[in-house]
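The values are calculated or read from the model by the stated rules, or taken from the named source; none is laboratory data. Not measured: the values here are computed from a predicted model. Positions of Cβ are generated from backbone atoms using ideal geometry, with glycine treated the same way; all protein chains shown enter the neighbour counts. Side chains are part of the model used for accessible areas, which takes the heavy atoms of the whole protein and leaves out ligands, DNA and RNA. Shrake-Rupley method; radii C 1.70, N 1.55, O 1.52, S 1.80 Å.
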Amino acid sequence: MEIVGLNKNKIKQISKIKNESLEVLNYRLKSYELFKKIKMPEFGPEINLDFNKIIYYKKDINDLKIESNWNNVLKPIVDEMDELGVIESEKHLGGNAVQWESEVIYHNMIDEINKKNVIFTSIEDGMKKYSQIFEKFFGKIVKNSENKFAALNSSVFSGGSFIYVPPNTSLDRPLQSYFRINSKNMGQFERTLIVVDDNSSLHYVEGCTAPTYSESSLHAAVVEIYVGKNAKCRYSTVQNWAKNVYNLVTKRALVEENGTMEWIDGNIGSLATMKYPGCILKGNNSSGTCITIAHANKDQVLDSGANMIHLGKNTSSKIISKSISLNGGNATYRGKVYIDKNAINSHAFIKCDTLILDENSKSDTIPSNNCYNNSSILEHEAIVSRINPDTLFYLESRGIDEEHAKELIVLGFLEIFRDELPMEYAVELNQLIKRNF
């Protein structure tokens with residue numbers, strides 16, 4: 001089943017397929033009206049999309065059930081997930097979910113996590129089975145009026161994850177979702193809502209890929225995260241979209257008193273990326289961190305960074321951005337740090353490091369930093385560099401050829417990001433960098 005193009009009737013059709021309430025349908029329709037009114041972004045990469053040609057919903061009619069056993073999943077999908085390492089990585093996880101095109105097709109969680117009363121399910125099940133928790137947060141941290149693509153996601157969202165970690169609960173293993181676009185002109189609009197309640201902790205890992213087609217595809221996700229008092233959430237992702245995919249994502253967390261939010265955000269593929277994970281540091285003594293990398297190769301424009309909004313007292317934030325441009329690619333840091341007048345004794349630190357590998361490549365740093373009280377500190381560092389000829393000469397003098405010497409320098413440049421990833425994702429990152437070198 002495919003739904004191509006966008007109008008009210010097609011939104012109603014998506015809602016009917018999902019057997020949604022009238023309230024949810026109305027939310028979709030209101031979001032669609034906002035989508036039509038909101039203009040395209042006036043900054044960042046050029047976006048050339050024909051919204052009438054995008055596939056907004058696709059699902060194999062013979063595969064309607066979410067499976068918990070790979071033996072029951074279609075063999076071509078299993079083979080592809082196995083090749084990508086998704087099945088192997090599950091051995092090290094507390095739970096795993098896989099979305100293929102518009103729907104979650106596989107979901108599994110170990111007994112240990114179930115016994116802790118953790119909820120890890122699809123966004124559709126979360127909406128229907130856990131409405132009391134769901135409705136409290138859905139659409140509140142990222143509003144449907146946020147930007148054009150948040151409005152679009154709110155109109156046609158399908159798939160994605162709902163996670164709830166009850167109070168006083170810590171998970172020893174990460175939970176993972178993997179998203180796959182496998183059709184040309186496909187749009188994927190997953191919606192993720194994560195709630196980490198008071199005194200609890202969660203590590204969530206996300207992976208994304210797509211094969212290459214001549215026609216452009218679109219990934220326009222929305223992620224909302226609530227971090228309760230004394231709670232901690234880490235969200236790690238390595239996105240390796242094909243170079244025909246527009247990756248236009250809105251991610252934000254609301255952090256309460258003494259809470260901690262960490263974004264570990266890797267961008268390797270895509271034709272164009274616009275992604276700025278954010279933290280609203282609402283509670284006193286709350287903290288937010290975003291460590292992000294962008295690796296822009298030929299014909300790629302990666303516009304990424306982070307937003308940190310300090311509202312509570314004694315709040316702290318750290319943004320570390322690493323970008324690499326080669327073969328004419330463009331990797332840009334764009335970020336916003338705001339320290340409110342009431343956020344006294346707060347501290348924000350931003351460090352942007354850029355490595356440009358040839359004369360045809362480009363990188364910009366475009367910060368917006370504002371502090372509105374005299375007791376807080378806001379620091380910003382930015383360094384643009386090329387590969388040091390002396391370092392290259394040293395490695396070559398030790399018998400390493402020029403290409404592998406450059407690889408080693410680049411991997412060393414990204415070490416701070418790689419060290420924050422689970423082992424299997426760190427290995428995958430190394431392989432992706434070498435493959436895209």
Residue by residue through the stretch 163-212, note down the ones that are in a loop (DSSP other than H, G, I, E, B), open to solvent by 10 Å² or more (accessible area, probe 1.4 Å) and closer than 23 Å to ALA242 by Cα. ASN182, SER183, LYS184, ASN185, ALA210, PRO211, THR212
Taking the stretch 227-262, which residues are over 19 Å from SER145 (Cα atoms), hydroxyl-bearing (Ser, Thr, Tyr) and either in contact (Cβ under 8 Å) with a residue 60 or more places away in the chain or in contact with an Asp or Glu (Cβ under 9 Å, 6 or more places away or on another chain) (or both)? TYR235, SER236, THR237, TYR246
Check GLU215 against each of (1) under 27 Å from SER155 (Cβ atoms); (2) in a strand (DSSP E or B) and name the one condition it does not meet. (2)
Restricting the stretch 291-333 to residues that are polar (S, T, N, Q) and not in a strand (DSSP E or B), the one nearest to ILE387 (Cα to Cα) turns out to be ASN327
Residues located in the stretch 1-14, provided they are assigned to a helix (DSSP H, G or I), surrounded by fewer than 19 Cβ atoms within 10 Å (Cβ to Cβ) and out of contact with any strand residue (DSSP E or B) (no Cβ under 8 Å at 6 or more places or on another chain): LYS8, ASN9, LYS12
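Got a number for residues in the stretch 402-419 being of a type in the set (A, V, I, L, M), touching a helix residue (DSSP H, G or I) at 6+ places or on another chain (Cβ under 8 Å) and under 21 Å from SER321 (Cβ atoms)? Write out each step before concluding.
Residues of the stretch 402-419 of a type in the set (A, V, I, L, M): 405, 408-411, 414, 416.
When the remaining residues are screened for being touching a helix residue (DSSP H, G or I) at 6+ places or on another chain (Cβ under 8 Å), the result is 405, 408-411, 414.
From what's left, under 21 Å from SER321 (Cβ atoms): 409-411, 414.
Selection size over the stretch 402-419: 4.
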In the stretch 374-405, what residues are at pLDDT 75 or above, surrounded by 15 or more Cβ atoms within 10 Å (Cβ to Cβ) and either of a type in the set (Val, Ile, Thr) or over 30 Å from HIS310 (Cβ atoms) (or both)? ILE387, ILE400, ALA405
Selected residue (criterion: surrounded by the fewest Cβ atoms within 10 Å (Cβ to Cβ)) from residues of the stretch 132-162 that are touching a helix residue (DSSP H, G or I) at 6+ places or on another chain (Cβ under 6 Å) and of a type in the set (Gly, Ala, Ser): SER145
Restricting the search to the stretch 306-320, which residues are crowded, with 21+ Cβ neighbours inside 10 Å and in contact (Cβ under 8 Å) with a residue 40 or more places away in the chain? ALA306, ASN307, MET308, HIS310, GLY312
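Looking at the structure I just gave you, is SER183 under 19 Å from the mean Cα position of the chain (by Cα) and in contact (Cβ under 8 Å) with a residue 40 or more places away in the chain? Working first, answer last.
Numbers: under 19 Å from the mean Cα position of the chain (by Cα): no; in contact (Cβ under 8 Å) with a residue 40 or more places away in the chain: yes.
For SER183, the condition - under 19 Å from the mean Cα position of the chain (by Cα) and in contact (Cβ under 8 Å) with a residue 40 or more places away in the chain - is not met.
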With the condition kept exactly as written, say whether any residue in the stretch 89-111 is without any contact (Cβ under 8 Å) to a residue 24 or more places away in the chain and under 22 Å from SER270 (Cα atoms). no
Restricting attention to the stretch 213-240, and to residues there that are touching a helix residue (DSSP H, G or I) at 6+ places or on another chain (Cβ under 6 Å) and closer than 24 Å to ILE433 by Cβ, which single residue is least open to solvent (accessible area, probe 1.4 Å)? VAL238
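Got a sec? Which of VAL249, VAL238 is part of a strand (DSSP E or B) and either under 21 Å from ASP197 (Cα atoms) or out of contact with any Cys (no Cβ under 9 Å at 6 or more places or on another chain) (or both)?
Values: VAL238 fails: either under 21 Å from ASP197 (Cα atoms) or out of contact with any Cys (no Cβ under 9 Å at 6 or more places or on another chain) (or both).
After ruling out the rest, the residue left standing is VAL249.
Residues checked against (1) under 19 Å from the mean Cα position of the chain (by Cα); (2) of a type outside the set (D, E, K, R); (3) open to solvent by 10 Å² or more (accessible area, probe 1.4 Å):
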position: VAL245; (1), (2), (3): yes, yes, no
position: ARG252; (1), (2), (3): yes, no, yes
position: ASN267; (1), (2), (3): yes, yes, no
position: TYR276; (1), (2), (3): yes, yes, yes
position: ASN285; (1), (2), (3): no, yes, yes
position: ALA296; (1), (2), (3): yes, yes, no
position: ALA343; (1), (2), (3): no, yes, no
position: CYS352; (1), (2), (3): no, yes, no
